[in-house]
Protein chains: 2
Amino acid sequence: MSTIRDVARVAGVSIATVSRVFNNHTLVNPETAGRVLEVASQLEYWPNGAAQSLTTRRTHTLGVMLPELFGEFYSEVIRGIDRQSRLHEYQILLSSSHSNGEEVLIAGRAMLGRIDGLIMMAPDEASIETVERVRRRVPVVLLNPRIEVEGCCSVAFENFSGARAAVAHLIGLGHRDIAMICGPEGNVDAEERLRGFRRALTDAGLNPDEAMVLPGDFRESTGYEAGAAILCRRPRPTAVFAANDGMAVGLLAALRAAGRRVPRDIAVVGFDDIAISAYLNPPLTTVSVDACGLGQRAVDLMMGAMEAGAAGGSLRQLLPALLTVRASCGADSAGSGFLEEAAGGAEPARRGRK
Amino acid sequence: MSTIRDVARVAGVSIATVSRVFNNHTLVNPETAGRVLEVASQLEYWPNGAAQSLTTRRTHTLGVMLPELFGEFYSEVIRGIDRQSRLHEYQILLSSSHSNGEEVLIAGRAMLGRIDGLIMMAPDEASIETVERVRRRVPVVLLNPRIEVEGCCSVAFENFSGARAAVAHLIGLGHRDIAMICGPEGNVDAEERLRGFRRALTDAGLNPDEAMVLPGDFRESTGYEAGAAILCRRPRPTAVFAANDGMAVGLLAALRAAGRRVPRDIAVVGFDDIAISAYLNPPLTTVSVDACGLGQRAVDLMMGAMEAGAAGGSLRQLLPALLTVRASCGADSAGSGFLEEAAGGAEPARRGRK
DNA sequence: TCCAAGTATGAAACCGTTTACATTGCGAGC
DNA sequence: GCTCGCAATGTAAACGGTTTCATACTTGGA
């Protein structure tokens, strides 16, 4: 593996000149530059990243910490981050699936000195210490933060208002007994969606019944289980709001297995609008969020924060979470559960994907 | 930001001692070690990663290059890699969505010197140059490689035999006119699955009809479009093999929209067995692959290769792709399309997820 | 009493870059 | 013919660690 010294020796110049050639400094004779490049390619020389980071104090790398990697939502967030950082010629150092604050701290330490900034989704309190620690060295951008941290930018979805709109929609359709399948405990998104659910009920003068709030963990299987539980509840709910689409899929399967028709017997609304939602039977009414866009926006904020240096303010951005009405809530269908618009031959309505 | 020198000065020792304390060398007086750690935590000292990499020539980082990040399959692969590398205390440097060989090369260069090994899914020929180049410096593990590269380990799914088994199953059920929806051009997985499809037909003495091979790109929308096309084909196919589950979902929606029943009118088989497949209506017969396991296995191979150093052989591993029969192919259902086993109250059969 | 072996620590070289500063050579202006 | 300024390049000091080798101090056995 050849170093800058090898190139310098063979090309008959000093290492400073080689460095200048590779960094596009103008004050080098074109002829010399040509020779250096020639030798470099011959020797397959490529600057050592670690050495560069050491002197320049820039790594051209962004740290990304997510609580979990399971499911389409997170993968879309990463996709957005990846795409946008490539644009700015940044690499991404990924770390996820931390079950507790201790692990987050360790992961954070391991990243220190290898990243120019950290994009972090920290749905639980335990991660705050890590955020504070990292923040003293490099800018941090938070995704859907539970608590805003002084000096950190953040991007979040309007989880609360999205959920509230979804449930309000159900109420508008005449539903009064509405159940909810929650996300994992301690997850901010999940909590905000639950809060939106409750608020929509009280807004309408209804009394939130805790027996109507079922546990879940964002996976299909818990949606399925909740479906069985819902059918035993008295009064039996006429509508269900699932905290994400994955659980809605499980729920639909459970209802079908029990011979119930959606939306005729029970209306269903999900959250996230993952790719398949439009293709379900019936097509799922859900709250659309642009997970990929969340990632992109985070990178943009990061670029701004890095530019600003320590003076970087704490910009807060909110991304919309908009209700997308399809058939599963009963609003645009007579209750057959069949794809109305598609019957005409067109593709089902779906949100635009960038 | 404090350095090793700051700690040494405050603790009244040399930098060598501080380094020894942090690297758990035994030959340091416990009392001294305690003082050093005390000072270090006070000063919030943490070793600089770049400097460490420079001297030790180890980065404790694995590069991961994927062609794409879209869809559950890739996200599961990353999840597997992430989990297993955490186990070995490695970080992962992620890069994806390269549209051509040039971009792959650039990404590869950017990683050089920052990684101890590279896990790469290189579905097209253009990436081979990058593989060769990187391989001269650090071990490379290939995922589902098109061509085996001398000196590289690889892990792959039995795409070919999985597809062949799926189609053979359809033939066994009496289907003769079977269509296939392909994956993106240039994608090895897609090509292997197509090859398996053709082989199953010829195995059964059937003549593969090119008009039955429809284009697709692994996304739901192309499955939907293919559905419309299939209904116009003469002879009309009685079964369809989709190269992945996402397209199968789109196909199911298209068939439903056209009033066809699955599996009674048309049987459908997918590939991948993503989380929702068991919960579809009807539950999707598909070929199960453990994408997460693929990632894990790749990391294990990498650890072996790094251990072995330059002497590392070229281990080849094949992971099974097994047919999981559910209702959509008509084999375990009278054709109602309803969830048989779940009607009894149990959760639908699904592959085990680790 | 002396030496060998061991333990704890320090000094300094090195890893591969970037960059501030020094040096050289040369043409222009006086 | 000098000096000045500039272009092109070289020298050497960082950057923040690890590690080899040397050194000082104990300790124990002959």
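Derivation of every value follows stated rules applied to the coordinates shown; laboratory data play no part. Small disclaimer: the values here were computed from a predicted structure and weren't measured. Every residue, glycine among them, receives a Cβ derived from its backbone with ideal geometry; neighbour counts consider all protein chains shown.
Fewest to most neighbouring Cβ within 10 Å: what's the order for B:Val134, B:Val13? Mind dumping the intermediate values first?
Numbers: B:Val134 23, B:Val13 20.
In order of increasing Cβ crowding within 10 Å: B:Val13, B:Val134.
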(message) 7 Å from Cα along Cα→Cβ at both A:Asn23 and A:Gln42: what's the point-to-point distance in nm?
(response) 2.5
(request) In a Gaussian network model over chain B where Cα atoms closer than 10 Å are linked, find which of B:Gly80, B:Gly186, B:Gly63 has the largest mean-square fluctuation. (result) B:Gly186
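Between A:Glu103 and A:Arg195, what FRET efficiency comes out of the Förster formula 1/(1 + (r/R0)^6) with R0 = 25 Å and r the beta carbon distance, rounded to 0.05? Before the final figure, lay out each step's value.
On the way: r = 27 Å, r/R0 = 1.10.
About 0.35, to the nearest 0.05.
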(message) Quick check on the exposure proxy: order B:Leu66, A:Leu251 from fewest to most C-beta atoms within 10 angstrom.
(response) B:Leu66, A:Leu251
(message) If you average the C-alpha positions of segment A:273-319 and of segment A:95-125 separately, how far apart do those two centres end up, in angstrom?
(response) 20
(request) Taking the Cα centre of chain B as origin, work out the dipole magnitude from +1 charges on Lys and Arg Cβ and -1 charges on Asp and Glu Cβ, in debye rounded to 20. (result) 300
(message) Of the candidates B:Asp177, B:Asp203, B:Asp245, which one comes out as most mobile in a Gaussian network treatment of chain B with C-alpha springs shorter than 10 Å?
(response) B:Asp203
(message) Can you compute the radius of gyration and Dmax for the protein assembly as shown, using only the Cα atoms, both in Å?
(response) 27.6, 87
(message) Cut-off 20 Å, label point 7 angstrom out along Cα-to-Cβ of B:Ser14: give me the residues of segment B:24-44 whose amide nitrogen falls inside.
(response) B:24-37, B:40
(message) Using only Cα atoms and rounding to the nearest 10 degrees, what angle (0 to 90) does helix B:220-230 make with the longest principal axis of chain B?
(response) 20
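Other chains' Cβ within 10 Å of A:49-57 residues: what's the mean? The partial results should precede the final answer.
Values: counts 11, 14, 5, 4, 8, 8, 2, 1, 3.
Mean partner-chain Cβ count within 10 Å for A:49-57: 6.
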(message) I'd like to know which of B:Ala179, A:Met306, B:Val268 lies farthest towards the positive end of the charge dipole of the protein assembly as shown, counting +1 on Cβ of Lys and Arg and -1 on Cβ of Asp and Glu.
(response) A:Met306
(request) Using only Cα atoms, find the angle between the long axis of helix A:101-111 and the longest principal axis of chain A, and express it within 0 to 90 degrees, rounded to the nearest 10. (result) 30
(message) Tell me the mean residue ellipticity at 222 nm calculated for chain B from its helices only (DSSP H runs of n ≥ 4, each -39500 (n - 2.57), averaged over every residue, nearest 500).
(response) -13000 deg cm²/dmol
(request) Post the alpha-carbon centroid distance, segment B:7-66 to segment A:1-78, in whole angstrom. (result) 26
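In which sequence would B:His60, A:His88, A:His98 go, from the one with the fewest C-beta neighbours within 10 Å to the one with the most? Mind dumping the intermediate values first?
Values: B:His60 17, A:His88 13, A:His98 23.
Ordered from fewest to most neighbouring Cβ atoms within 10 Å, B:His60, A:His88, A:His98 come out as A:His88, B:His60, A:His98.
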(request) Report, to the nearest 10°, how far helix A:291-308 tilts away from the longest principal axis of the Cα atoms in chain A, using its own Cα long axis and a range of 0 to 90°. (result) 40
(message) Using a Gaussian network model on chain B with a 10 Å cutoff between Cα atoms, which of B:Arg86, B:Arg195, B:Arg176 fluctuates the most?
(response) B:Arg86
(request) Would you mind getting me the FRET efficiency between A:Leu318 and A:Ile128? Use the beta-carbon distance for r and R0 = 22 Å, nearest 0.05. (result) 0.60
(message) Below 11 angstrom from the Cβ of A:Arg135, what's the summed charge of the other residues (Lys, Arg +1; Asp, Glu -1)?
(response) 0
(request) Please compute P(r) over all alpha-carbon pairs of chain A, binned at 10 Å starting from zero, and give each bin as a whole-number percent. (result) 5, 22, 24, 19, 13, 8, 5, 3, 0
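With r defined as the distance between the Cβ atoms of A:Leu173 and A:Glu31 and R0 fixed at 51 Å, what FRET efficiency is calculated, to the nearest 0.05?
Values: r = 77 Å, r/R0 = 1.51.
Here the calculated transfer efficiency is 0.10.
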(message) Positive end of the dipole of the protein assembly as shown, charges at C-beta (+1 Lys, Arg; -1 Asp, Glu), about the Cα centre: which of A:Val104, B:Ala204, A:Pro235 has its Cα farthest in that direction?
(response) A:Val104
